[in-house]
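Notes follow the structure.
The values are calculated or read from the model by the stated rules, or taken from the named source; none is laboratory data. Since the structure is predicted, the reported quantities are computational estimates derived from the model, not experimental observations. For neighbour counting, all protein chains shown are included, and Cβ atoms are generated from backbone atoms with ideal geometry for every residue, glycine included. Side chains included, ligands, DNA and RNA excluded: accessible areas come from the protein's heavy atoms. Shrake-Rupley method; radii C 1.70, N 1.55, O 1.52, S 1.80 Å.
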Amino acid sequence: MSKISICGLVNVETTVSVEGFPINYNPINYRFFGINSHPSGVGLNLASALTVLGDDVRLMSLCGNDSAGESVRSFLKDSGIDSGYILKNSKSTAQSVVLYDSEGKRSIYCDLTDMQDISYDAEVFKANAKDSDVIVLCNINFARTMIPFAKETGALVATDVHCLSDIHDEYNSDFIKAADILFLSNESITDRETEFVNELKTVTDAQIIVVGMGKKGALLYMRDTDTFEVFPGVYTRPVVNTVGAGDSLFSCFIHFYAKTKDAQFSLKAATYFASYKIGDTSACRGFLSEQELLKLMSEDK
């Protein structure tokens, strides 16, 4: 069991199935069993996945003293995740709405409330991040000021900058420079992933860079050998909603890398984990335990 500390967003997410994109105007639409609300957010998604995989997780985040925040704390308690590090510093809890179609395409509307204007408590962070094997800093502003404290611990620092398109992106620059393990999506760099990573590696000391490529799989760069390797996507069950696919890929890689330090095996396992996860409607559900995942992989021959 690895100790993994996470500083990232929690929110309440509402998912809505739609016929397809673009969406034509209609004054009312009926979606029987097609609308669901659940606690979510990158930080919560990662914590949920890593807990199911068997890690000792510390989730540090911010929410409001409202019904949405209470639903988040209740979900964490039911999931076996300590909610004591979810501070009620925000005016209201963040929320998101995700529209998704039968092909897995989605459109996300996210209301961060005042999350980008406040910071997490440094003393709480330092007390709970010490002795971590990995510290995950999600690229939200309240985690930004935790970067120096994370680096002081000597733990591996991991971050996912999501849809990056510029290696000098001002918002993500601090996270890119701090990362030992750096994840991103190919949504803004499709068909030039290797070229982009070759540029990206000049502005980060990250030893591992992974580009999630959706159904095409994932691209792994390892600095110690200066090599690239593509891990093809796999099919484990029908796709329902691709929201949270990147979070599940990231979390599973972190789980196995903290345990084995084998980047190749960790990413292979993560492609299976993410493939299975997107067979669920919510970004924070549909996760396999480590034993279930390894069994699934062994049967796919």
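Figures for the structure shown
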item	result
Rounded percent of accessible protein surface that carbon and sulfur make up, region 15-82, 1.4 Å probe	53
Solvent-accessible heavy-atom area per residue, rounded to whole Å², over the chain at 1.4 Å	45
Percent antiparallel among DSSP beta bridges (both partners in region 89-186, rounded to 5)	50
DSSP beta bridge pairing in the chain, given as percent antiparallel to the nearest 5	40
Residue among GLY34, GLY244, GLY279 with the largest mean-square fluctuation in a Gaussian network model of the chain, springs linking Cα atoms under 10 Å	GLY34
Simple Cβ-charge dipole of region 184-262, Lys/Arg +1 and Asp/Glu -1, about Cα centre, in debye nearest 20	360
Contact order normalised by residue count of the chain, Cα under 8 Å, 6+ apart, percent	18
By average C-beta atoms within 10 angstrom, highest first, the peptides 57-67, 284-294, 72-82	57-67, 284-294, 72-82
The chain - charge dipole about Cα centre, Lys and Arg +1 at Cβ, Asp and Glu -1, debye rounded to 20	560
Value of Rg/Rh across the chain [Cα atoms, Kirkwood radius]	0.94
Apportionment of accessible area to carbon and sulfur, region 164-300, percent (1.4 Å)	49
Count of Lys pairs (Cα-Cα under 25 Å; at least 8 positions apart or interchain) in region 174-271	12
Anchor LYS91: lysines whose Cα lies under 27 Å away (excluding residues fewer than 8 positions away in-chain)	LYS77, LYS126
Charge dipole (debye, nearest 20) of region 44-194; +1 at Cβ of Lys and Arg, -1 at Cβ of Asp and Glu	300
Estimated FRET transfer efficiency (ASP300, PHE228; beta-carbon r; R0 30 Å; 0.05)	0.80
222 nm mean residue ellipticity, helices alone, for the chain (DSSP H n ≥ 4; -39,500 (n - 2.57); rounded to 500)	-9500 deg cm²/dmol
Cα centroid separation - region 51-116 against region 189-254, whole Å	25
Relative contact order (%) - criterion: Cα under 8 Å, at least six apart; region: region 182-252	26
TYR235-TYR171 FRET efficiency (beta carbon distance; Förster radius 35 Å; 0.05 resolution)	0.50
